[in-house]
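Worksheet: one structure, shown below.
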Amino acid sequence: MKITEICIIEDHKIVRDNLRSYLELHEEFKVGLVCGSAEEFFNEVKHANGISCEILLLDIGLPKMSGIEALPLLLELKPELNIIILSSYEEEDMILKAICNGACSYISKKTSLKDIVDAIRVVIQGGSYMSPSIAREIINHLMGGRVSKATILSERQKEILEKMVDGKTYTEISTELFISVETVRSHIKKMYKVLHVNNKSEAISMYLKGQIK
Amino acid sequence: MKNIRNKYLVYLYLKVAFSVTMFGCSPSAEEKPIAEDFKNAEFNLVSLDSLPTPDQTFIESKRTLKLGKPEIVSYKNNKVDFKYLKNKISLPQILIPGENGIIEPKSNPLIINKRNIGRPVVIQATEPKSKDFNPYNLLNYGLSTGLIDNKVHNTFQDSKGNLWFGTYKGVTQFNGSTNKHYTINQGFLDDFFVKMKEDAKGNLWFLFDKEIEVFDGKSLVNFRFQPEDKFLDLFTDIIIDRKGNIWVSSRERGVFKIDKNLQTYTHYGEKEGLSDKVLCMVEDQNGSIWLGTENEGLFKWDGKIFCNYTKGLFDKTVFSISLSRKNELWIGTWTGISKISGDFIEHFVGLSPSWTSSVFMDSNENVWFSTLSNGAFYLNQNKIYNIHAKNGLPSNEAYDVMQDQAGYIWISTVNGVAKCNTMFRAITEEDGLTSSVVRSLAVDKKQNLWIGSELGGISYFDLQKETFSKFYMKDGLPGSNIVSLLVDADQETWVGCYIGYLSKISADWKTITHYPLSGSFLVSIFQDHLGDIWYSSREKGGVFRLNKKSNQLTHYTTKQGLVDDQVIKISQDADLNYIFATFKGVSFLSKDKGVFTNYPMSPNQKFDIVESSFQDHTGAYWFGILTDNGLIRLDRKTNKIFTFLEESGLPDNTVMGIIQDKNKNLWVNTLSGLARISRYNLEHFNDVIMKSQNVIINGFTKENGYLDNGDGRHYIAIDKNGFLWVPNAKSVARVDLSANVRETKNMKVEIVNVTLFNESLEWKRDSTYTLSNGLRIEKLAFSDFEPWTGLPLGLKLSHNNNYLGFQFAAINTSNPIAVKYEYILEGLDKKWSTPTYFNEVSYAKIPPGKYTFKVRGINSNGVSREEASFNFEISPPFWQTWYAYLAYILLFGISLYFYIRFRVWQRLKKIKEREALRTKISSDLHDDVGSILTGLSMQSQMMSLKADEKAKKQLLELSDMSFEAMDRMRDTVWAIDPSRDRFENLVDRMRSFAEKNLPNKNIKHNFVIEIDKPKEFINPDKRQAVFLIFKEALTNILKHTNATHVDIKVIKDKRGFFLYIKDNGTNKPVENKEGQGLGNMRLRAEKINANLKLEYIKGFAVTLSFMLED
């Protein structure tokens, strides 16, 4: 059985100790360096002439150098190192930073110990593990966000946009919807703001591309 | 953050702007109230009934004597005999240029030479002199008064009022205060002055013996005629015709007409039909030029032909010529003058053995002429009077006579110039008075004058016969010191003596009646409306009333209520009240003699020796005070008194006789001269005073020809012919009220000098001056020199040369001493100064700026409209210049900008620090607490591995609780995370929660978002409260309803924020088991001032709304 060496960088002792204890219960794992900070890890690695582990469980909120900052330095030391972020941060920007800096997985600290082990196994097998909530954040980011990258229109705005797509004039739209031309204009103005477009053509284009919810 | 910065910037700006505004404002100065000059009159009433009755006696002891025959002498009045001839004018000889050998006059170019003129020599004028015997009150000017020479043979007055005295040594300009000498030293080419004229532009044309020079105030232009090598002209006269051409006559070469273009001239001589020997010229009303010649008669040039008049002339030599207002031509000839009017010529000759140097008619239609051996003459109503060296003229050799703008006659002689005010004539013992010291006057029905003298008796002046009849003690007078006179209605003449008793001369001059018991020192005699004779005896005290018919004598004293027993004048007013002017006040006795109204002497009403009293036509009373207390006006209707003193324009505070002429002007005799108050001022007295204007008093003193000192106590008289008779110390003055001698209304003032630090400078451009005090005057600049005064135009001085003085002088040759000045420095003074006699003023420490100094004069006609002005500028120091101020503003702006930026940076820093703190707290919470909870959970999981089932379950629950605690903590961290302070963050989180939790219970949801400006900030408290309410609402749906669908709507617009959550669960309200959820929602809503509505309408509906902050 292949034994995978796992290192841990976590500043809280109780988390560190529990992780080590739980992992050591599994014969497939060998717990290597367990450090409370990135600096301590680099120091140990220097003395040891290199990183020997394959998997590194890395916390983000570390004293001095954060896990995000340590990521590229770690990969520089050992590019093939599989770094799994184990953090209580579930914010989109933190997740993206970690992944962009080279983490192969991101696990929330709300994950049970058993699921953490499962995640490690997935990574050993060449996969990438994300906690469900983490994965959702990533998906949302890829989908263009929520309100801030707003493409969400109100019902009335959607109605008006559809009629614009049909080629109706403002007067025709106002007649069909039983509102004044000024109200039509007002909705269209808000709509352009929401969609971040400058004119009718851009709005219609977005609609036709299905970018509008 | 941006909103906060903007608000802060606006606040700071307003604060700074407000401060600057308040600092820059200053209160305006208060105005001073107008002073009151009217005082309340003090008086008391005394009823004669309450006092002892006056003593009554009968004049029994009186003597009637035969009056001696008076000595009768003629009043020569300087009349002279003359030969009068009248001829018809013969037809003239006609000479037409271009015909009969007479050549056409030619036009030739002038030889013009322009050059600068030097500064004149300025001599301060001193007082003119006069001779002892001086019936015409002449004032003589010459070398001793500052003229360049005594030998003045022409006097000219320019349009500004300056007099120019031309001599053979140059010309003197006289403005009343100073003499300025112009000679070859100043640049003139000749000193031998002949005549001068002023053209329409104000240039002065000087005619010298051999030169014609024009002076424009700055430079001289010399005109010469060709050919230069034959330059032998001896010029005789110069005139300027109505077209602007200048005519110059010469003794040997005819006449030169300088065309108004000043480039060419036309010559007229014998060849052109004129004579070569032209002595004088004048333009008549038709525009024809009349030329007087030597021995060739009179020529007239109408522009086309010459007419030569010789026959009928008394003499063919015409020395001088003038035109009267009646279009009569007056010519000066040998021994006299001739008048050409219509077809006739009249001669008034035989007056002088030599020729008449000048002739003209004055504004009173007297014809004046000067002669070279017998002084000056004037013709009036076919009588000729002679002014010569023995009656005041400096010399009999008179060259010229002219009248100035004010009406004074100036007679130029070889020994100076005499100024004559034709208003005044002095009649003295030499003329026929018994004595020159006149004490009393009276006018009889024939308008002849009774004149009482000191130590002289009485002179009866018959104005028609021009004789004096003299009465002395030897003729029956009781005394020689005649201090009072009265001609009563019966034409009997009452006489009061200083030492001596009352007497009466019969109307037929046959007898004189003495009243020995009348008392002596009788200073006033008066006849009332009943015919009673009133007189005051200073020896006996009080006043006496004599009934002429019954001879009853009634004696009034202080016992009967008189204010004082020393009564100086007795009179009656229009209401027939008796007025007694006394040593200690004025008493009014009612017509019925029942009540005395006494105005006693007091500090407020200085009735201290009331010399005279008079009631004018408006009903006001005037009192002359002898003790230097001036002239007092009493208005009995308003009970107000007003006092005039020398400051008001009175010649002297010692006032004597007062009278009103036929034009209702008031005349007042004072110790130093006469004063006149016009009818207008009498009639508008209250208005004039209440408007703080000056009541104009026209003063006549020695400066303007009234040479004697007033005397004669209260006596002053006017005859029917309009002559005012005023007793004086050495004469009786006859004042011709019809004489047109009046100061000009538009008296000009000149600024004659501008000083710096009290020093005069010779103004030169680009110069540096070092004053006597060591101060250097630098950076002085001006554009040009002002003509005539030579003062710098557009003067600019540096900020530290800001001590300027101005000296000014009125052009007033009539009465310069009486001129007052008002001035103002515009830019510094707020109003004109009070009138002052001082003719200079200084201003120290004048701040930078542009200024105009203005000054105007006040003469007897009031304030002149003519103002003199001088503009100058004090440059600011460089730190007060506009560019310096601009730099200050820029500096201030930059400082303000950086200050605001600094404050904003400070504020932002604080905000950032707070945010950093919040971030740190949230980060620390997130890390530390999160890690602890994670550790707790892991520990529980580890422990559960070895625990039994029950413990394991509990441990796993503990682990779940830890996770839940982590979620709660994450909510809290999110709430305080400053990077999540926007509406979009709130909506994201709500949406995330809904998406994460609702599907777990198979509840579908519809999340509608209508957010206007999602990136706007939301208050952290509100953000957290809304999320927690949302979370609670959804938790309730998740836990306690059987809903399958939830509608969620989030709206944010200008109306506010709205959250709407509605599920399709059961209609029954389902309480949260813990019972805290809905309550918490309400509390949270209340905390953020939001409206929360919880309804159960086919499901659980939550509506939350609140207004947005600005």
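Some values worked out for this structure:
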item: The range B:970-995, residues that are within 12 Å of chain A (Cβ to nearest Cβ) and farther than 14 Å from B:LYS1031 by Cα; result: B:VAL973, B:ASP977, B:SER979, B:ARG980, B:ARG982, B:PHE983, B:GLU984, B:ASN985
item: The one condition in (1) away from chain B (no Cβ under 14 Å); (2) at pLDDT 90 or above that A:LEU142 fails to fulfil; result: (2)
item: Selected residue (only one of B:VAL863, B:VAL855 is under 12 Å from the mean Cα position of the chain (by Cα), at pLDDT 90 or above and of a type in the set (A, V, I, L, M)); result: B:VAL855
item: Search result, residues across the range B:201-227 that are more than 14 Å from B:ASP237 (Cβ to Cβ) and part of a loop (DSSP other than H, G, I, E, B); result: B:LYS201, B:GLY202, B:ASN203, B:LYS210, B:GLU211, B:ASP216, B:GLY217, B:LYS218, B:PHE225, B:GLN226, B:PRO227
item: In the range A:26-39, the residues that are surrounded by 17 or more Cβ atoms within 10 Å (Cβ to Cβ) and over 22 Å from A:VAL123 (Cβ atoms); result: A:GLY36, A:SER37
item: Qualifying residue in the range B:1046-1053 (condition: under 20 Å from B:PHE1106 (Cβ atoms), buried (at least 17 other Cβ atoms within 10 Å of the Cβ) and more than 14 Å from chain A (Cβ to nearest Cβ)); result: no
item: Selected residue (criterion: nearest to the chain's Cα centre (by Cα)) from residues of the range B:111-132 that are under 26 Å from B:GLU429 (Cβ atoms) and surrounded by 13 or more Cβ atoms within 10 Å (Cβ to Cβ); result: B:PRO128
item: Residue selected from the range B:959-968 under the condition facing chain A (nearest Cβ under 8 Å) and closer than 28 Å to B:GLU913 by Cα, by the criterion least open to solvent (accessible area, probe 1.4 Å); result: B:MET966
item: Positions within the range B:596-615 being in contact with a Phe, Trp or Tyr (Cβ under 9 Å, 6 or more places away or on another chain), open to solvent by 10 Å² or more (accessible area, probe 1.4 Å) and not in a strand (DSSP E or B), in sequence order; result: B:MET601, B:ASP608, B:ILE609
item: Positions within the range B:630-639 being surrounded by fewer than 22 Cβ atoms within 10 Å (Cβ to Cβ) and either hydroxyl-bearing (Ser, Thr, Tyr) or under 29 Å from the mean Cα position of the chain (by Cα) (or both), in sequence order; result: B:ARG633, B:THR638
item: Meets criteria (modelled with pLDDT of 95 or more and among the β-branched types (Val, Ile, Thr)) for B:VAL437; result: no
item: Some residue of the range B:247-265 being open to solvent by less than 10 Å² (accessible area, probe 1.4 Å) and on the phi > 0 side of the Ramachandran plot; result: yes
item: Helices (runs of 4 or more DSSP H) enclosed by the range A:46-136 - at least 2 residues per element that are within 10 Å of chain B (Cβ to nearest Cβ), under 23 Å from B:ASP977 (Cα atoms) and open to solvent by 30 Å² or more (accessible area, probe 1.4 Å); result: A:92-100
item: Residue tally, condition touching a residue at least 60 places away in the same chain (Cβ under 8 Å) and open to solvent by less than 30 Å² (accessible area, probe 1.4 Å), over the range B:519-550; result: 3
item: Any hit, the range B:969-985, residues being open to solvent by 80 Å² or more (accessible area, probe 1.4 Å) and part of a helix (DSSP H, G or I); result: no
item: Single residue of B:LYS920, B:LYS912, B:LYS953 found to be under 14 Å from B:PRO978 (Cβ atoms), of a type in the set (Lys, Arg), away from every other protein chain (no Cβ under 14 Å) and free of Cβ contacts under 8 Å to residues at least 40 places away in the same chain; result: B:LYS912
item: Sole exception among (1) in contact with a helix residue (DSSP H, G or I) (Cβ under 8 Å, 6 or more places away or on another chain); (2) outside any loop (DSSP other than H, G, I, E, B) for B:ALA418, by number; result: (1)
item: Output for the range B:302-347, where each listed residue is under 17 Å from B:ILE89 (Cα atoms) and among the aromatic types (Phe, Trp, Tyr); result: B:PHE306, B:TYR309, B:PHE314, B:TRP330, B:PHE344
item: The range B:323-381, subset among the aliphatic types (A, V, I, L, M) and not in a strand (DSSP E or B), residue least open to solvent (accessible area, probe 1.4 Å); result: B:LEU351
item: Residues that are within 9 Å of chain A (Cβ to nearest Cβ), surrounded by fewer than 17 Cβ atoms within 10 Å (Cβ to Cβ) and either outside any strand (DSSP E or B) or among the aromatic types (Phe, Trp, Tyr) (or both), drawn from the range B:996-1010; result: B:LYS996
item: One residue from B:ASN681, B:ASN721, B:ASN740 being of a type in the set (S, T, N, Q), surrounded by fewer than 23 Cβ atoms within 10 Å (Cβ to Cβ) and not in a loop (DSSP other than H, G, I, E, B); result: B:ASN681
item: Count of the range B:754-787 residues which are surrounded by 11 or more Cβ atoms within 10 Å (Cβ to Cβ), in contact (Cβ under 8 Å) with a residue 60 or more places away in the chain and over 27 Å from the mean Cα position of the chain (by Cα); result: 1
item: Verdict on A:LEU33 being within 14 Å of chain B (Cβ to nearest Cβ) and over 27 Å from B:ASP988 (Cβ atoms); result: no
item: Matching strands (runs of 3 or more DSSP E) fully within the range B:473-515 where at least 2 residues are at pLDDT below 95 and among the β-branched types (Val, Ile, Thr); result: B:482-487, B:511-515
item: Matching residues, the range B:889-916, being surrounded by 12 or more Cβ atoms within 10 Å (Cβ to Cβ) and within 27 Å of B:SER798 (Cβ to Cβ); result: B:PHE892
item: The range B:289-307, residues that are without any contact (Cβ under 8 Å) to a residue 40 or more places away in the chain and open to solvent by 10 Å² or more (accessible area, probe 1.4 Å); result: B:TRP290, B:ASN295, B:GLU296, B:TRP301, B:ASP302, B:GLY303
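Yes/no matrix, rows are residues, columns are (1) in contact (Cβ under 8 Å) with a residue 40 or more places away in the chain; (2) surrounded by 20 or more Cβ atoms within 10 Å (Cβ to Cβ):
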position: B:GLY457; (1), (2): no, yes
position: B:GLU466; (1), (2): yes, no
position: B:ILE505; (1), (2): yes, yes
position: B:ASP508; (1), (2): no, no
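Rundown of residues vs (1) among the hydroxyl-bearing types (Ser, Thr, Tyr); (2) closer than 26 Å to B:THR789 by Cβ; (3) touching a Phe, Trp or Tyr at 6+ places or on another chain (Cβ under 8 Å); (4) surrounded by 13 or more Cβ atoms within 10 Å (Cβ to Cβ), yes/no style:
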site: B:GLU826; (1), (2), (3), (4): no, yes, yes, yes
site: B:LYS830; (1), (2), (3), (4): no, no, no, no
site: B:GLU867; (1), (2), (3), (4): no, yes, no, yes
site: B:PRO877; (1), (2), (3), (4): no, no, no, no
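The values are calculated or read from the model by the stated rules, or taken from the named source; none is laboratory data. Only a predicted model underlies this, so the values are computations on that prediction, with no experimental measurement involved. Because the Cβ atoms are built from the backbone with ideal geometry, glycine has one as well, and the counts that use them run over all protein chains shown. Heavy atoms of the whole protein, side chains included, go into the accessibility calculation; ligands, DNA and RNA do not. Shrake-Rupley method; radii C 1.70, N 1.55, O 1.52, S 1.80 Å.
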